[in-house]
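Comments concern the structure below.
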Amino acid sequence: MISEASSLDYPFIEKVTRQNMAHHYAQHRIEWNDEAHASGLAATDNYIVRDDDERVAVIRISFNQRHLYINDLQVIPRAQRNGIGTRLLDHAMSLARARELEAVRLCVFNGNSAKKFYEKLGFEQVGEQGSVLRMECRV
């Protein structure tokens, strides 16, 4: 079930993001910044997926007048490849359609296997900046 996150979910969001992204941060020589992560949580709309009563995934989104931005999408490792990420992306696309936006955008590290997942769901690479690939899916 997808539901809006509360501040009580923030420790889970930080933990799953840190765990899932540790390899990519190390590979690209980026240091984790607690303060930046906390301020980012406050600036985004955050949704949690629960399986029974356990938190298993998060999507963090923001908007401008033309686009919905996926700031983060994380699924705990043992719940991956079960359709949860697809459900979260479908949720984001529904929100974008409801707001009559042009596209959903996201960034992914170059070399991250998630790129293939996003491409399978209709996202295309539209740019590259350093080690980050910019992707977009028209609504």
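The values are calculated or read from the model by the stated rules, or taken from the named source; none is laboratory data. For clarity, every value in this text was computed on a predicted model and none was experimentally measured. All Cβ positions, glycine included, derive from the backbone under ideal geometry; neighbour counts span all protein chains shown.
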key: Failed item, numbered, when residue 1 is tested on (1) free of Cβ contacts under 8 Å to residues at least 60 places away in the same chain; (2) surrounded by 13 or more Cβ atoms within 10 Å (Cβ to Cβ); (3) over 19 Å from residue 114 (Cα atoms); (4) of a type in the set (A, V, I, L, M)   = (2)
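I'm trying to understand the selection: among the residues of region 30-83, which are of a type in the set (D, E, K, R) and touching a residue at least 40 places away in the same chain (Cβ under 8 Å)?
Step one: list which residues in region 30-83 are of a type in the set (D, E, K, R), which gives 31, 34-35, 45, 50-55, 60, 66, 72, 78, 81.
45, 50, 55, 60, 72, listed by residue number.
Would you check if residue 74 is under 26 Å from residue 7 (Cα atoms), surrounded by 12 or more Cβ atoms within 10 Å (Cβ to Cβ), modelled with pLDDT under 95 and of a type in the set (S, T, N, Q)? Explain how you work it out, then say what you get.
Working: under 26 Å from residue 7 (Cα atoms): yes; surrounded by 12 or more Cβ atoms within 10 Å (Cβ to Cβ): yes; modelled with pLDDT under 95: no; of a type in the set (S, T, N, Q): yes.
No: the conditions fail for residue 74.
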Residue count for region 11-39, restricted to those that are in a helix (DSSP H, G or I), farther than 19 Å from residue 79 by Cβ and touching a helix residue (DSSP H, G or I) at 6+ places or on another chain (Cβ under 7 Å) = 1
inquiry  = When the residues of region 84-103 are narrowed to those that are free of Cβ contacts under 8 Å to residues at least 24 places away in the same chain and small (Gly, Ala, Ser), which ends up nearest to residue 3 (Cα to Cα)?
reply    = 94
request  = Would you check if residue 106 is in contact (Cβ under 8 Å) with a residue 40 or more places away in the chain and either outside any loop (DSSP other than H, G, I, E, B) or under 30 Å from residue 8 (Cβ atoms) (or both)?
outcome  = no
task = With respect to residue 73, determine if the residue is of a type in the set (A, V, I, L, M, F, W, C) and outside any loop (DSSP other than H, G, I, E, B).
result = yes
Evaluation of residue 56 against (1) closer than 22 Å to residue 135 by Cβ; (2) among the hydrophobic types (A, V, I, L, M, F, W, C); (3) surrounded by 13 or more Cβ atoms within 10 Å (Cβ to Cβ) (one fails), failing number = (1)
ask   = Does at least one position in region 63-70 carry a residue that is under 23 Å from residue 4 (Cβ atoms), surrounded by fewer than 14 Cβ atoms within 10 Å (Cβ to Cβ) and within 15 Å of the chain's Cα centre (by Cα)?
value = no
inquiry  = among the β-branched types (Val, Ile, Thr) and assigned to a loop (DSSP other than H, G, I, E, B): is that true of residue 59 in this structure?
reply    = no
inquiry  = If I go through region 97-113 residue by residue, how many of them are out of contact with any Asp or Glu (no Cβ under 8 Å at 6 or more places or on another chain), surrounded by fewer than 16 Cβ atoms within 10 Å (Cβ to Cβ) and over 18 Å from residue 44 (Cβ atoms)?
reply    = 5
